[in-house]
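J.: Handing you a structure now.
Computed from the coordinates by the stated procedures, all read-outs in this text should not be read as laboratory data. Not measured: the values here are computed from a predicted model. All Cβ positions, even for glycine, are placed from backbone atoms using ideal geometry, and neighbour counts span all protein chains on display.
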Amino acid sequence: MGMDQEKKIRRIDSAKDKSRAREKDSDRLKVEENVFDVPTLKILYTLSNKGVIKAMGGSISTGKEANVFYAEGPDKELAIKIYRIASSTFRAMDAYIMKDPRFTNIRNKKRDIIFAWTRKELQNLKRAKSAGVRVPEPILAEKNILIMEFMGEKEAPYPLLKNTHLENEEAKSIFDIIVEYMRLLYKKANLVHADLSEYNILIDPNNLTPIFIDMGQSVTLEHPNAREFLYRDVQNILRFFSRYGIKDKPEDLFKKIQAE
Ligand SMILES: Nc1ncnc2c1ncn2[C@@H]1O[C@H](COP(=O)(O)OP(=O)(O)OP(=O)(O)O)[C@@H](O)[C@H]1O
Ligand SMILES: [Mg+2]
């Protein structure tokens with residue numbers, strides 16, 4: 001093993017330690033250990049050798065199924081989302097992925113489902129971006145690892161909509177863009193986000209515009225529950241924006257998104 005490679009591995013290992021050190025409670029510690037299993041480390045080393053990843057940074061988020069890390073790419077900052085193979089909440093994924101015509105021939109094994117899920121998230125982000133929806137630029141999916149553009153500044157991710165303090169007028173303009181994005185997703189990308197809420201929308205503080213994230217569960221319109229998911233997305237968004245005086249009826253917004 002060459003010096004360079006050793007250095008890279010040490011960097012990844014130290015990122016691993018850093019992210020472990022940050023986690024205090026024992027459940028979270030377990031989760032961190034689960035994410036860097038040997039196959040996952042191997043992919044990270046390979047991506048590092050190929051120059052896709054220049055340096056791993058700290059942990060951005062520890063979610064139910066995935067961890068997100070900051071990293072440096074060759075020319076821009078990256079967000080690396082790693083789905084945990086050892087995670088136990090993947091049963092819910094079946095319901096989304098098994099009825100999606102793009103993924104009907106995968107074997108019913110947990111890791112294959114996770115890999116398909118990761119590829120699906122990459123594809124969904126690509127479709128969303130092509131439709132004109134602002135999302136992190138998808139870069140690649142390899143097994144359980146999704147690499148995308150980092151949305152933030154100075155290693156700090158942009159805030160979630162949930163944590164943003166807005167004036168009513170600012171909220172209204174963000175709401176309008178969100179509705180337009182839902183319409184573009186539906187009409188141009190043939191997709192429903194299916195987990196849209198203040199938890200999966202970042203706000204770019206430079207221009208107060210929304211960025212949709214977390215599209216692993218997004219489904220195409222052929223999915224038997226696509227309209228049900230869209231209605232739920234509409235309800236989530238209206239529930240959040242009601243505090244800013246937005247009082248659209250869910251039925252009306254639901255129709256507007258699907259209108260020609
Ligand atoms: N491209 C990105 N740039 C910057 N931050 C990101 C990016 N993608 C995700 N994040 C951060 O990581 C968090 C988790 O990402 P995401 O919602 O995709 O994963 P998740 O597994 O659904 O997490 P959770 O279970 O907490 O919802 C986001 O809330 C956001 O703060
Ligand atoms: Mg999320």
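J.: To the nearest 0.05, what FRET efficiency results for Lys50 and Lys256 with a Förster distance of 45 Å applied to their C-beta separation?
T.: Computed FRET efficiency for Lys50 and Lys256 comes out at 0.50.
J.: Right, something else. Round to a whole angstrom and tell me the spacing of the C-alpha centers of segment 117-131 and segment 181-260.
T.: Here the answer is 16 Å between Cα centres.
J.: Run the numbers for Thr209 and Lys188: contour at 0.36 nm per residue of separation, minus the present Cα-Cα distance, in nm.
T.: So the chain would gain 5.5 nm between Thr209 and Lys188.
J.: How large is ³J(HN,Hα), in whole Hz, for each residue of segment 73-85 in order, when computed from phi with the Karplus curve 6.51 cos²θ - 1.76 cosθ + 1.60 and θ = phi - 60°, using x for Gly and Pro?
T.: Here the 3J(HN,Hα) series is x, x, 10, 8, 6, 10, 10, 10, 9, 10, 6, 7, 5 Hz.
J.: Considering only DSSP states other than H, G, I, E and B, which GluC sites (Glu not before Pro) in segment 107-155 qualify as loop sites with at most 15 other Cβ atoms within 10 Å?
T.: Those that pass, being in a loop and sparsely packed, are Glu155.
J.: Past 32 Å, Cα to Cα, is the threshold; run Lys50/Lys109; Lys54/Lys99; Lys109/Lys162; Lys64/Lys188 against it and keep the listed order.
T.: Listed pairs above 32 Å: Lys54/Lys99; Lys109/Lys162.
J.: With each label point set 7 Å from Cα along the Cα-Cβ vector, what nm distance links Lys109 and Glu155?
T.: With each label point 7 Å from Cα toward Cβ, the separation is 3.8 nm.
J.: Between Tyr199 and Lys99, what length comes free when the chain is fully extended (0.36 nm per residue of separation minus the Cα-Cα distance, one decimal in nm)?
T.: Result for the pair: 33.5 nm of gain on full extension.
J.: Take His165, His193, His223 and order them by how many other Cβ atoms sit within 10 Å, fewest up front.
T.: Ascending Cβ contact count within 10 Å gives the list His165, His223, His193.
J.: A further question on this structure: Which ordering of Thr46, Thr220 is given by a fewest-first count of other beta-carbon atoms within 10 Å?
T.: Thr46, Thr220
J.: Taking the Cβ of each residue in Ser61, Ser173, Ser48 as the centre, tally the other Cβ atoms inside 10 Å and list the residues starting with the fewest.
T.: Ser61, Ser173, Ser48
J.: Multiply the residue gap between Lys172 and Gln235 by 0.36 nm, knock off their C-alpha separation, and tell me the result in nm, one decimal place.
T.: 21.1 nm
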